[in-house]
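The next block holds one structure in the form of structure tokens; read it before the comments.
The values are calculated or read from the model by the stated rules, or taken from the named source; none is laboratory data. Keep in mind that what you see is a predicted model, and the values were worked out from it rather than measured. A quick note on method: Cβ atoms are made from the backbone with ideal geometry, for glycine too, and the neighbour counts reach across all protein chains shown. These area figures cover heavy atoms from the full protein model, side chains too; ligands, DNA and RNA do not enter into them. Shrake-Rupley method; radii C 1.70, N 1.55, O 1.52, S 1.80 Å.
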Amino acid sequence: SQQGEEDPQALSIQEGENATMNCSYKTSINNLQWYRQNSGRGLVHLILIRSNEREKHSGRLRVTLDTSKKSSSLLITASRAADTASYFCATGLLLTGANSKLTFGKGITLSVRP
Amino acid sequence: EPEVTQTPSHQVTQMGQEVILRCVPISNHLYFYWYRQILGQKVEFLVSFYNNEISEKSEIFDDQFSVERPDGSNFTLKIRSTKLEDSAMYFCASSSGTGVGYDEQFFGPGTRLTVL
């Protein structure tokens, strides 16, 4: 089964606008994590939302989770050119103990025009 | 702020050669992971490691792959006989183990492996 499918695949906005990215998944999860990746670089952890949470904020980031619809959204407010990157949602499934496995989507390419 | 580090940043090798990719997880973390990302594709889980043994591995992680924690700080991924299709970015990640079911996984910058 496919997990963590994001949409849109690409998003281009003007600096100062808000960017909304969506993620859908198919099976049960324990958490959902969003990451940012600048071209060819590492994955930077942005935010984690637990399966029993509905909304979480961190700075200019707002994440929502709707487990009944199996979907999540990442909102970046007041975007900046430096937010230009690929964004991935990753669903976390608990394996054993505190060990969990992340399943990533294909990612959304966000371009913020100055 | 503590971070996961990986060396080398880029490794070029000939098909059939052995490679060892190195990672230093965040120091008080207990769970360690390897993922890979083939160019243009999704990041894929390879293996998780806890208490000096493999906890879970994917179908990709066949007998050509092995992991080891040789000392108190390093975590390595060995590919015994590399194939062209092993060319990818390999990411190491670690998590603290304190949040059961909601542990953040922190990733290193990756090692780009090119198999010629």
*For the stretch B:56-101, enumerate the residues that are farther than 29 Å from A:Asn52 by Cβ and of a type in the set (Gly, Ala, Ser).*
B:Ser66, B:Gly72, B:Ser73, B:Ser81, B:Ser87, B:Ala88
_Can you name every one of the strands (runs of 3 or more DSSP E) wholly within the stretch A:23-114 that holds 2 or more residues which are free of Cβ contacts under 8 Å to residues at least 12 places away in the same chain?_
A:55-58, A:85-96, A:99-104
*Only listed residue being at the interface with chain B (Cβ under 9 Å from one of its Cβ atoms) and not basic (Lys, Arg), chosen from A:Leu48, A:Leu74, A:Leu65, A:Leu61*: A:Leu48
*In the list B:Ser73, B:Ser27, which residue meets the criterion of being open to solvent by less than 70 Å² (accessible area, probe 1.4 Å), among the hydroxyl-bearing types (Ser, Thr, Tyr) and modelled with pLDDT under 95?*
B:Ser73
*What single numbered condition from (1) in a strand (DSSP E or B); (2) closer than 25 Å to B:Tyr35 by Cα fails to hold for A:Thr20?*
(2)
*Within the stretch B:50-63, work out how many residues are within 9 Å of chain A (Cβ to nearest Cβ) and touching a residue at least 24 places away in the same chain (Cβ under 8 Å).*
2
*So which residues in the stretch B:79-103 are part of a loop (DSSP other than H, G, I, E, B), touching a Leu at 6+ places or on another chain (Cβ under 8 Å) and either open to solvent by 70 Å² or more (accessible area, probe 1.4 Å) or hydroxyl-bearing (Ser, Thr, Tyr) (or both), if there are any at all?*
B:Thr82, B:Ser87, B:Ser96, B:Val100, B:Tyr102
_Condition first: open to solvent by 50 Å² or more (accessible area, probe 1.4 Å), more than 8 Å from chain B (Cβ to nearest Cβ) and out of contact with any Lys or Arg (no Cβ under 9 Å at 6 or more places or on another chain). Now tell me which residues in the stretch A:85-113 satisfy that._
A:Thr109, A:Arg113
_So B:Glu56, is it closer than 27 Å to A:Tyr87 by Cα, modelled with pLDDT of 95 or more, within 14 Å of the chain's Cα centre (by Cα) and not aromatic (Phe, Trp, Tyr)_ = no
*Looking at the stretch A:1-17, which of its residues are in contact (Cβ under 8 Å) with a residue 40 or more places away in the chain and either assigned to a loop (DSSP other than H, G, I, E, B) or open to solvent by less than 50 Å² (accessible area, probe 1.4 Å) (or both)?*
A:Gln3, A:Gly4, A:Glu5, A:Glu6, A:Pro8, A:Gln9, A:Leu11, A:Ile13, A:Glu15, A:Gly16, A:Glu17
*the stretch B:11-36: number of residues that are over 11 Å from the mean Cα position of the chain (by Cα) and either in a strand (DSSP E or B) or among the hydrophobic types (A, V, I, L, M, F, W, C) (or both)*: 8
*Any residue at all in the stretch A:29-42 that is of a type outside the set (Ser, Thr, Tyr), within 9 Å of chain B (Cβ to nearest Cβ), within 18 Å of A:Phe104 (Cβ to Cβ) and open to solvent by 50 Å² or more (accessible area, probe 1.4 Å)?*
yes
